[in-house]
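A quick write-up on the structure given underneath.
Read the figures in this text as sums done on the coordinates, not as results from a lab. Note that the structure is predicted; figures quoted are calculated from it, not measured. Methodologically, a virtual Cβ is constructed for each residue, glycine included, from the backbone with ideal geometry; neighbour enumeration extends over all protein chains shown.
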Amino acid sequence: MFIAKLPDLRTSRRGLLKGAALATVLGASLNVMRSVAAFAADAAGWPAEAFKLKSQDDTLKALYGKTAEASDKVKLDAPEIAENGAVVPISVSTTLPKVTSISLMVAENPNALAASYKIPEGTLPAVSNRLKMAKTSKVIAIVESDGKLYSASKEVKVTVGGCGG
Amino acid sequence: MASTIRVRAIAGADTTEVQALVQHPMDSGFVKNAKGELIPPHHIETVQFETGGKTVFTALWGPAVSKDPFVKFSFKGGKKGDDLKITWVDNKGATDTTTAKIM
Amino acid sequence: MMRGLALLVALGMLAGPQFARAEATKSSPEKDMKAFQAYFTNKFPKVPLKDFVNGPYSMNEGLRKQWIEKETFPPYDFALDHGKELFNKPFKNGKTFADCFPNKGIGIRQNYPYFDNKTNEVITLEVAVNQCLEKNGEKPYNYMKDDMAAVTAYMAFTSRGKPFNIKVPKNNPKALEAYEKGKQYFYQRRGQFNFSCASCHVQEPGEHIRAEVLAPALGILNAMPIYRSEWGGMGTISRRFTSCNSQVRGVPLKPQDPEYRNVEYYLSYMANGLPISGPGARP
């Protein structure tokens, strides 16, 4: 029933607001029902709402419904100075247990959320990818471990912007 | 037409490392063309990796992922000869899939 | 700084008027090359000679790390595959690129450019590719990117590791003349910024110009064609030369203009002995 509602999330603003409200309610109940990653979207869906937000706090709320605490057990590997903001190689790894999700945010991008990864049991809690950064910014790695969120951040200097500038 | 998905999956002692490179413009929607018009967003939203009937990794990507995106991860198990299936879907509903053998 | 000037004086040219001295001095392409390579290895004693082909990555550790990550699964992979397809696809008349080139076009990139003694012109790889297409009734490629970049990427790839082997035939004075013209172009200032190629790539390699780290002129063509993050795609030697001209606020020449071919001839000769590393990835 919830799955059928998903297409509405993106087609109209009204649908978006309605869908978001629905997703928050269901997302919360999903949290109670299972200990795997609870996204405000179906397992095969894409968290449209979370990808549209500017602030990190709003993004985490939309994506996980929680806040994160800094942890030195989250390792974020990113260059000091990006060779080009269009292609910044970034890696996250962690020694935290029972990791179900890893996400990356770029604070100064138009929308904070860059990517989010679902880590099923049996998959190592580490990911490498290449992101766009509009300008010098903090990059924040979020790890969901045993239902809680942990973060690490690093400032990456960008001299040539990744968004076409 | 050649696949848009390039993959290398290598089985080690107990884990398999997967690297994928996907050909896709990943237009953010923030860039203007020569006429000064915004190029609409055109980017992959989900990438699913499956083997042995199980999803081993899901990527949820937004416009801030680089053009011709790359991703690397590892999972426990997987052995040489196994099939690894990768499927992506973008914001326009386009999709591509490929199955590669773990080496 | 003094060494740079000493090199320029040794090569008989500082700016425009003095280039005429080239004939009067006892320089030769061979001597020029040795002096050129010595200048760079002396300036950067920690950089192995072969590493200069990696451009800014041989100059800056922070950039190098990012490059190594990119090379694990490089962005030019798609162009390379496409180039191989194009290279092997028969023309309408049934022939392929293999019919135009020595050794079927495989492992020969390091011999380009060469001086054609019959037509008395410098033939670069890009020109040779288009000559092959035209000879076989096909439409020539645009020199700057896309198919030209794809095919030259594939041809460079088959030559990876092979050292540049450019020749200036002694029996044809026009060849030496083209070489000298290329050298002259390289050291001549142009554009609103009044920069020569040497201003950035001989005097200031490893330094920053605005946000970019400058590549050394030695080996600067070995990685071509390149996927530049800045372009979000591939570009050929033609693309790079024309954009360099624009960047110093000069008027670019047409791709593969004889002046560009001459400077490619000169620069490639200067890198004799250094390995082809193309296709490459750059910022």
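Evaluate the distance, in nm, between pseudo-label points positioned 7 Å from the Cα of C:R160 and of C:E85 along their respective Cα→Cβ axes.
2.0
Report, by chain and number, residues whose modeled amide H sits under 5 Å from the one on A:T94, excluding near sequence neighbours (fewer than 5 apart, same chain).
A:K75
Whole percent per 10 Å bin, from 0 to the bin with the longest distance: what is P(r) over all C-alpha pairs of the range C:77-157?
Bin by bin from 0 Å, the calculated values are 18, 55, 25, 2.
Provide a whole-number value for the mean count of partner chain Cβ atoms within 10 Å of the Cβ atoms in peptide C:230-237.
On the way: counts 6, 1, 12, 3, 0, 0, 0, 0.
So the per-residue partner count for this stretch is 3.
Looking only at Cβ-Cβ distances, which cysteines of chain C have no other cysteine closer than 4.7 Å?
If one checks each Cβ against the other cysteines of chain C, C:C197, C:C200, C:C244 turn up with nothing under 4.7 Å.
Just grab the label-to-label distance for B:R8 and B:K101, each label 7 Å out from Cα along the Cβ direction, in nm (one decimal).
Each label point lies 7 Å from its Cα, and together they span 1.8 nm.
Straight-line reach from C:K46: which lysines fall under 26 Å, measuring Cα to Cα and dropping same-chain residues less than 8 apart?
Within reach: C:K31, C:K34, C:K65, C:K70, C:K162.
With θ taken as phi - 60° and the coefficients 6.51, -1.76 and 1.60, list the Karplus ³J(HN,Hα) couplings across the range C:277-282 in order, rounded to whole Hz; mark glycine and proline as x.
Taking θ as phi minus 60°, the curve returns 10, x, x, x, 10, 9 Hz for the range C:277-282.
Report ³J(HN,Hα) in whole Hz for each residue of the range B:18-30, in order, from the Karplus equation J = 6.51 cos²θ - 1.76 cosθ + 1.60 where θ = phi - 60°; Gly and Pro get x.
10, 10, 9, 10, 10, 7, 6, x, 6, 5, 7, x, 9
Cross-link partners among lysines for C:K89, C-alpha distance below 21 Å, same-chain residues fewer than 8 apart left out?
In chain and number order, the partners are C:K104, C:K135, C:K139, C:K145.
Counting only other chains, and only Cβ atoms inside 10 Å, what mean value do you get across the residues of C:63-70?
Values: counts 5, 1, 5, 10, 2, 1, 11, 5.
If you average over the peptide's residues, the count of other-chain Cβ atoms is 5.
Count, for each residue of C:138-150, the Cβ atoms from other chains sitting within 10 Å of its Cβ, then give me the mean as a whole number.
Values: counts 0, 0, 0, 0, 0, 0, 0, 0, 0, 0, 0, 0, 0.
Rounded to a whole number, the mean comes out at 0.
How big is the convex hull of the Cα atoms of the range B:5-101, per residue, in Å³?
Numbers: hull volume 8.0 nm³, N = 97.
Looking at the range B:5-101, the number lands at 83 Å³ per residue.
Quick one: if you stick a label point 7 Å off each Cα along the C-beta vector at A:E80 and C:S28, how many nm between them?
Computed distance between label sites A:E80 and C:S28 equals 4.7 nm.
Can you list the aspartates and glutamates whose alpha carbon sits under 19 Å from that of A:K66, skipping same-chain ones fewer than 8 residues off?
Reachable aspartates and glutamates: A:D42, A:E49, A:D57, A:D58, A:E144, A:D146.
Work out how much length C:K118 to C:H208 would gain on full extension: take 0.36 nm times their residue separation and subtract the Cα-Cα distance, in nm to one decimal.
On the way: separation 90, 0.36 × 90 = 32.40 nm, distance 4.35 nm.
Gain in length upon complete extension: 28.1 nm.
Quick one: how many lysine pairs in the range B:5-101 have C-alpha atoms under 15 angstrom apart, if they're 8 or more apart or on different chains?
Numbers: B:K54/B:K76; B:K54/B:K79; B:K54/B:K85; B:K72/B:K85; B:K79/B:K101; B:K80/B:K101; B:K85/B:K101.
Taking the range B:5-101 as the scope, the lysine pair count is 7.
State log₁₀ I(q)/I(0) for the protein assembly as shown at q = 0.12, 0.13 Å⁻¹ as given by the Debye formula over alpha-carbon point scatterers of equal weight, solvent excluded.
Calculated log10 I(q)/I(0) at the listed q: -1.13, -1.26.
May I ask you to evaluate 6.51 cos²θ - 1.76 cosθ + 1.60, the Karplus curve with θ = phi - 60°, for each residue of the range B:79-93 and list the ³J(HN,Hα) values in order in whole Hz, giving x for glycine and proline?
Each residue's phi maps through the Karplus curve to give 9, 3, x, 5, 8, 10, 9, 10, 9, 10, 9, 9, 5, 9, x Hz.
In a solvent-free Debye calculation with one equal scatterer on each Cα, what is log10 I(q)/I(0) for chain C at q = 0.15 Å⁻¹, listed in the order of the q values?
After summing over all Cα pairs, the log10 values are -1.17.
Set the Förster distance to 35 Å, then compute FRET efficiency between B:K35 and A:S91 from the Cβ-Cβ distance, nearest 0.05.
On the way: r = 38 Å, r/R0 = 1.09.
It comes out at approximately 0.40.
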